[in-house]
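FYI, it's all coordinate maths here, none of it is from the lab. A quick note: this is a predicted structure, and the numbers were derived from the prediction, not measured. Positions of Cβ are generated from backbone atoms using ideal geometry, with glycine treated the same way; all protein chains shown enter the neighbour counts.
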Amino acid sequence: MINVLAFVRVKEGKRDEFVQLFKANVPNVLAEKGCIEYAPTTDLDADLTPQVLDATMVTIIEKWESLEALRAHLVAPHMMAYKEQVVDIVDGVTLKVLQPA
């Protein structure tokens, strides 16, 4: 199993729109072979140090059975359509692909 953290920076004031479009695609992703978990998260002010809050960041938490399943996900037709939907509201994406230690 692998874990993925995708950090999506959205344009100012566009976080809710992004989350709505993302959630509309979640059932498609969960139906993919090898997808275990796929969910958007946003910062929660927990009043903890050294927490840094960012209203323009959405962190996607993903779990996949294998790297091959993740690679297939990235080129799935519904992902290509989703990327077109959000292209004008996303400023950038950073990925962390992790394995159990």
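Which of the strands (runs of 3 or more DSSP E) contained wholly in the chain include at least 3 residues that are in contact with a helix residue (DSSP H, G or I) (Cβ under 8 Å, 6 or more places away or on another chain)?
Details: elements: 2-10, 35-42, 57-64, 90-98.
So the answer is 2-10, 35-42, 57-64.
Every residue in the stretch 60-98 that is under 18 Å from Leu30 (Cβ atoms) and touching an Asp or Glu at 6+ places or on another chain (Cβ under 8 Å), please.
If the condition is that a residue be under 18 Å from Leu30 (Cβ atoms) and touching an Asp or Glu at 6+ places or on another chain (Cβ under 8 Å), then Ile61, Glu62, Lys63, Ala69, Leu70, Ala72, His73, Ala76 are the ones that fit.
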